[in-house]
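S.K.: Below is a structure I'd like to ask you about.
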Amino acid sequence: MSEYSVVGQKLPRVDAVEKVTGAAQYGADVHPAGMLYGKIVRSKHAHANILSIDTSEAEKLPGVRAIITQDDVPSGRRVFATDKVLYLGEPLAAVAATDPDIAEEAAELIKIEYEVLPVVQDVIESIKSSAPRLHGDATKDGPNRRDISAKIKKLADQVDSNSDEIRKLETELEKHTDEVYYNISAESHTEAGDVEKGFAESDVVVEDTYFIPRVHQTYMEPHVSVASADSSGKITVWASTQGPFAIRSGIAGTLGIPLTQINVIGTTMGGGFGGRFGVIITHVPAVLLSQKSGRPVRVQMTREEEFLDGRPAPGCVIKLKTGATKDGHILARQALAFWDSGSVSGASIGSTIRVRGVYKIPNIKVDAYGVHTNKSGTAAYRAPGAPQAIFAGESQLDDIAEQIGMDPVKFRLMNMREEGDAVPAGGSEPKVGYKETLEAVADAAGWWDREADENQGWGVAVGDWTNGCGPGGVYVSVHEDGSARIFHGSMDITGTDTAITQIIAEILTIPYENVTIRRGDTDSAPYSTGSGGSVVTFTMGNTAKLAAEDARRRILELASERLNTNEDNLELRDGAVHVITADPPKSISLGELAAYSLSTTGGPIVGKGSFARQPSTPALAAQIAKVEVDPDTGRTRVLKLVASQDVGFAINPMAVEGQIEGGTVQGYAWAMMEEMQYGENGNINPGFVDYRVPTSADLPTVESVIVEVPAPNGPYGAKGVGEPPITPTLATMANAVNDAIGVRITELPIKPEKIVDALKNNGHEA
Amino acid sequence: MKNFEYFEPTTLAEASHLFAQGHAQLLAGGTDLVIGMKAYTETPQSVISLQKIPDLDGITTDSDNGITIGAMTKVREVELSEDVQEHHTALAEGASEIGSIQIRNLATIGGNIAHASPAADTVAGLLVADAQVSIASAEGERTVPINELFTGPGQTVLKPGEIITQFHLPSPASGSHYIKHKIREVMDLAFIGVASAVNLQNGVIKDARIGLAAVAPTPIRATEAENLLKGKGPTPELLQQAGEAAAAATSPISDLRCSAEHRKEMVDVLTRRTLRYALDRATR
């Protein structure tokens, strides 16, 4: 039996009833009196100079109450495009009207004169000198051959920009046109050991280029905010967001408004996956429209707008090379990656290093670039950057295993890092269940005696991720009826409120049902980090623990007074404080203590927890799929999908399984069907007709296997569980397809046409 | 959604009269129209519901297993009809491929056809059933064979005021089958759709019909492939030839779903495959 009675249990979610009955309040349910409907006016071109914006006709339309452009942004921070648009759907203006149809009509009446420019939407095209430049000077923009341009930059800081030395370097640059990349938004370089030496010593070297498409988080609820600016200047924003405090500071920074003049009320979130932190997408326009109209304004995106102007996950192209000995030791790995960051910088280029995986690779070199294209910017999506890099890394591992004739699971086990191994960032590898997790999935899936009929195959892959950490605060009050109430400011993200509630119930030794949780707005609740990066259970779990322990201190103090005995003789259990040595037994309930506390000098039972940072521990997700491919039509059916994960400790195993299933399904979708497609003028599949997300008919039940190797600093040993499960699935699927039909697909998604074409190249006749 | 005037006529004549006045759309199940109106791609000034007009729905079977399907019959009813499943399997299978069950409980077969999408899932099944389409207007009634109904994407021979009232499927083939090429298992649009129907007599193909969707501006019959099959015993070589002939009859486009070449290849593969299933059913 578990040493715990509430944590570790599969308990129903605290928000289950409100979700099932529809009582939960989402952003679109907020409707203050007099509310106007906002509509964002968007660019109809993917790349164009803006010659003029004429709002005069729209202003005359009855029912229109406010129209704003960049001229209405007092801080000057870019909210709307002015001189140039960089992607289809980029905001140019916004209107607020008494009715959504009027807002729509007014948006159409705003006349925008464009001078259309050439468009570039492919990273490999964009880095060429022939590509149109998205930012800056057409001749010099874009970092050039990196080492030389770095020297130029350094020199330019010290000497006159016309110096001979700089000119000499610039001349040198011109000689290396094929090494000059243009439209670069950011870069990241990592090197350890000597890859050239490693490849030279390898018996097998595999090199391939992997293409991973841009995908959308496809949360069910599109972005929405309702903003209300009152006559005193106080601003209230009902925001569908993962981080109300981040939105508060974001609005304050963007508009130059004092922080505490803004109250952000987080509404129940219809999914986020990392994509719901944006400030200017809907929140800032809503505030500006409300300030101008003097009325509350709702700005709500359509699904089409989500695809045009959301912040999806970046696509990328990764050129990867791996060398290994014939007895299975990986010696070297080198990656060159171009991440599609869209119109702004910010793609997860740093994640390219995840091609290292959890393996001992003595020689590694990674060069990664963010590349501008005529697309919206990107944002986080469930383990940002990891699924892309791990797709390349884990696909290539299978090719090596195949070439040296080694079982893919054994090959991985053999190369995995172990406790005490030096880690790249310094220090040594902590105890992580890398091997345990891979072995668990292999055992559960029946890998060791796997069978496959014709056109069936098995694939395995692993992916790692480490949860983030951030500041948070929790209060817990114990009431006269013995119940406890939690108050905090963190957005519930698929079960985190439930985990916090379980932790508090565990420590206070009261039934789970007697603990309730309430989220405050930014005016009332203590600061909380955003609900992203798998932080919440780790951070808020630790915070909740501290708060409950603080409450317990007060409880024992009160009991000591009341029962007239030293605290050392007291024990809190089953919702009461017991005198350990008393015969006959003597105890006092939490309710009685709470009632008593009201007339004491020390006052009511209020526990406070405040926490910011402790080192996290990596987590591993390992997955195995069995598929069957129809070689004539290229359609793939998943017969089995098993996912294991080292979760540290499962505070609510049911919720953890939900996370494993959800992440795995999203990874499957990225592998097999999801893809934002771009034509000559921007995104061409902005809706669920041609942007396919899977349904339950596409997959068998994902079998989840929970592995628990505790994290030293996690609450009860828990690690963040949300992100790891998406990381290996892209490669799992590609490896299974390869095993089934002997075709290595390096360009996702693995659509039927790609399989048919690849098989045709292999000589298959349908 | 733009404002519009809404009518609920109770007779076909009244509906036809309203419809003939232009800027009007007929409302059957609404699963295409209402979505279009919400997206402002359809902005009719008047919407004419066909719900209150009696006798436009239902499936009836006559003595020689010919079937009549009212235009307002829900797609779900077509899918679940035992008579349709038995005698026009390809049509029932096509109906089962549309949207979700919720959508199929709203959508009508008449709407699926009148919308004239080249990718409509019931169209290949109706093509191989040789369906006769009854059309009514204030001027009277006429009948058009299904393969003459379509003139282009979203375009039909229907004149202003004309309303599809029913589909008559004459005596059935002994076996038929429909396959939709898609990515997602359910709720996907057809990359292509192929239906085949055969009549076997003493091991010889007496009659064969092949209907193809989403491979040309309109749904088409692959008549050359059909003619190749007639009078012959089914062999793998013959099916191969039929597949190739069917592919040759197409003029697909490349779009965001797949390339024209892939569509052609899949017509070949799925023509053979649907023929095999149809022949198998015919011999059972």
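Any read-out appearing in this document is the output of simple, stated calculations on the displayed coordinates, not a laboratory observation. Source: prediction; values computed, not measured. Glycine also receives a Cβ, built like all others from the backbone with ideal geometry; neighbour counts cover every protein chain displayed.
S.K.: With r defined as the distance between the Cβ atoms of B:GLU82 and B:VAL204 and R0 fixed at 41 Å, what FRET efficiency is calculated, to the nearest 0.05? Write down the numbers at each step before the final one.
M.R.: Values: r = 29 Å, r/R0 = 0.70.
Step by step, r from the Cβ atoms, then E = 0.90.
S.K.: Here is a further query. Would you mind telling me the antiparallel percentage of the DSSP bridges in the protein assembly as shown, rounded to 5? Show your work: numbers first, answer last.
M.R.: Numbers: 136 of 173 bridges.
Restricted to the protein assembly as shown, the bridges split so that about 80 percent are antiparallel.
S.K.: Oh, and also: When the Kirkwood radius is taken over all Cα pairs of region A:165-248, what Stokes-Einstein diffusion coefficient follows at 37 °C and 0.692 mPa s, in µm²/s?
M.R.: For these conditions, the coefficient is 161 µm²/s.
S.K.: Shifting gears a bit: Would you list A:TRP670, A:TRP465, A:TRP448 from fewest to most Cβ contacts within 10 Å?
M.R.: A:TRP448, A:TRP670, A:TRP465
S.K.: Calculated from DSSP H runs of 4 or more alone, at -39500 (n - 2.57) each and per residue, what is the 222 nm mean residue ellipticity of chain A, nearest 500?
M.R.: Helix-only estimate at 222 nm: -8500 deg cm²/dmol.
S.K.: Here is a further query. Expressed in nm², what is the orientationally averaged projection area of the convex hull enclosing the Cα positions of region A:549-656?
M.R.: 13.0
S.K.: Can you put A:TRP447, A:TRP238, A:TRP458 in order of Cβ neighbours within 10 angstrom, beginning with the fewest?
M.R.: Numbers: A:TRP447 19, A:TRP238 29, A:TRP458 23.
With the sparsest Cβ surroundings first, the list reads A:TRP447, A:TRP458, A:TRP238.
S.K.: Okay, next question. How far apart, in nanometres, would the label points at A:ALA425 and A:ARG77 be if each is projected 7 angstrom from Cα along the Cα-to-Cβ direction?
M.R.: 2.8
S.K.: Another question about this same structure. As I understand it, the dipole of chain A uses +1 on the Cβ of Lys and Arg and -1 on the Cβ of Asp and Glu, about the Cα centre. Which of A:PRO222, A:MET414, A:VAL279 lies farthest toward its positive end?
M.R.: Farthest along the dipole direction, towards plus: A:VAL279.
S.K.: Suppose R0 equals 51 Å. What FRET efficiency, 1/(1 + (r/R0)^6) with r the Cβ-Cβ distance, do A:LYS19 and A:THR171 give to the nearest 0.05?
M.R.: For A:LYS19 and A:THR171, the calculated efficiency is 0.20.
S.K.: Using 0.36 nm per residue of separation minus the Cα-Cα distance, give me the extension gain between A:GLU108 and A:GLU3 in nm, one decimal.
M.R.: Computed gain between A:GLU108 and A:GLU3 is 31.4 nm.
S.K.: Here is a follow-up. Report the extension gain between A:GLU680 and A:ASN455 in nm, rounded to one decimal, defined as 0.36 nm multiplied by the number of residues separating them, less their alpha carbon distance.
M.R.: Between A:GLU680 and A:ASN455, full extension yields an extra 77.3 nm.
S.K.: Could you run the Debye sum over the Cα atoms of region A:635-708, one equal point scatterer each and no solvent, and tell me log10 of I(q)/I(0) at q = 0.11, 0.14, 0.22 Å⁻¹, two decimals?
M.R.: Treating every Cα as an identical point scatterer, log10 I(q)/I(0) equals -0.38, -0.56, -0.96.
S.K.: So what is Rg over Rh here for the protein assembly as shown, counting just Cα atoms and using Kirkwood for Rh?
M.R.: For the protein assembly as shown, the value is 1.00.
S.K.: Let me ask something else about it. For the cross-link pairs A:LYS626/A:LYS751; A:LYS326/A:LYS754; A:LYS319/A:LYS626, which exceed 29 Å when the distance is taken from alpha carbon to alpha carbon?
M.R.: A:LYS326/A:LYS754
S.K.: At 30 Å minimum axial length over the Cα atoms and a Kyte-Doolittle cut of -1.0, report the qualifying DSSP H helices in chain A, or say none.
M.R.: Membrane-span-like by this rule: A:536-563.
S.K.: OK, next. What are the ³J(HN,Hα) values, in whole Hz, obtained from phi via the Karplus relation 6.51 cos²θ - 1.76 cosθ + 1.60 with θ = phi - 60°, for each residue of region B:241-249 in sequence order, with x given for Gly and Pro?
M.R.: Along region B:241-249, the couplings run 5, 5, x, 5, 5, 5, 4, 5, 7 Hz.
S.K.: Take every Cα-Cα distance within region A:409-479, group them into 10 Å bins from 0 onward, and report for each bin the whole-number percent of pairs it holds.
M.R.: The percentages, shortest bin first, are 14, 33, 22, 16, 11, 4, 0.
S.K.: Compute the orientation-averaged projected area for chain B from the convex hull of its Cα atoms and round it to one decimal in nm².
M.R.: Taking a quarter of the hull surface, the average projection is 14.3 nm².
S.K.: May I ask you to list the lysines whose Cα is less than 18 Å away from that of B:LYS230, ignoring any residue fewer than eight positions away on the same chain?
M.R.: The qualifying lysines are B:LYS206.
S.K.: Students often get this wrong: which residues of region A:440-459 have the backbone nitrogen under 18 Å from the point 7 angstrom along Cα-to-C-beta of A:LEU639?
M.R.: Backbone N within reach: A:442-459.
S.K.: Can you tell me the alpha carbon radius of gyration of region A:199-278 divided by the globular rule-of-thumb value 2.2 N^0.38 Å?
M.R.: For region A:199-278, the normalised Cα radius of gyration is 1.81.
S.K.: Relative contact order (percent) for region A:416-477, with alpha-carbon contacts under 8 angstrom and 6 or more residues of separation?
M.R.: Averaging sequence separation for qualifying contacts and normalising by length gives 18 percent for region A:416-477.
S.K.: Which of the lysines could be linked to A:LYS111 by a straight reach, that is with a Cα gap under 16 Å, when you skip same-chain ones fewer than 8 residues away?
M.R.: A:LYS39, A:LYS44, A:LYS60, A:LYS84
S.K.: Let me ask something additional. How many nm is it between the label spots at A:VAL693 and B:THR10, if each spot is 7 Å from the Cα in line with the beta carbon?
M.R.: 4.5
S.K.: What's the long-distance tail for region A:610-669, i.e. % of Cα pairs beyond 20 Å?
M.R.: Of all Cα-Cα pairs in region A:610-669, 45 percent lie more than 20 Å apart.
S.K.: Listing A:ILE184, A:ILE280 from the residue with the fewest other Cβ atoms within 10 Å to the one with the most, what is the order?
M.R.: By the 10 Å Cβ count, ascending: A:ILE280, A:ILE184.
S.K.: Between B:ASP62 and A:LYS234, with labels modelled 7 Å along Cα→Cβ, what's the label distance in nm to one decimal, could you check?
M.R.: Going from the B:ASP62 label point to the A:LYS234 one covers 7.7 nm.
S.K.: Any idea what diffusion coefficient region B:38-166 gets from Stokes-Einstein, in µm²/s, Kirkwood Rh on alpha carbon pairs, 10 °C, 1.306 mPa s? Please list the in-between numbers first.
M.R.: Values: Rh = 15.2 Å.
After rounding, the answer is 105 µm²/s.
S.K.: A follow-up question, please. At R0 = 35 Å, how high is the FRET efficiency between A:LYS10 and A:GLU765 if r is their beta carbon distance? Nearest 0.05 is fine.
M.R.: FRET efficiency, A:LYS10 to A:GLU765: 0.10.
S.K.: In whole percent, what relative contact order does chain A give with Cα contacts below 8 Å and a gap of six or more residues?
M.R.: 15
S.K.: In debye to the nearest 20, how big a dipole does chain B give about its Cα centre with +1 on each Lys and Arg Cβ and -1 on each Asp and Glu Cβ?
M.R.: 620
S.K.: Let me ask something else about it. Kindly provide the helix-only [θ] at 222 nm of chain B, computed as the sum of -39,500 (n - 2.57) over DSSP H runs of four or more divided by all residues, to the nearest 500 deg cm²/dmol?
M.R.: Helices in chain B give a 222 nm mean residue ellipticity of -9500 deg cm²/dmol.
S.K.: So how much slack lies between A:THR600 and A:TRP448, counting 0.36 nm per residue of separation and subtracting their Cα-Cα distance, in nm?
M.R.: On the way: separation 152, 0.36 × 152 = 54.72 nm, distance 6.60 nm.
Computed gain between A:THR600 and A:TRP448 is 48.1 nm.
S.K.: From the backbone phi of region B:161-168, what are the Karplus-calculated ³J(HN,Hα) couplings (6.51 cos²θ - 1.76 cosθ + 1.60, θ = phi - 60°) in whole Hz, Gly and Pro given as x?
M.R.: These are the phi-based 3J(HN,Hα) values: x, 7, 10, 6, 10, 7, 10, 10 Hz.
S.K.: Looking at the calculated P(r) for region A:438-521, what percent of the C-alpha pair distances fall above 17 Å?
M.R.: For region A:438-521, the fraction of Cα-Cα distances above 17 Å is 64 percent.
S.K.: Using a Debye calculation, one point per C-alpha and no hydration shell, please list log10 I(q)/I(0) for region A:324-386 at q = 0.13, 0.28 Å⁻¹ in order.
M.R.: For the requested q values the scattering log ratios are -0.43, -1.14.
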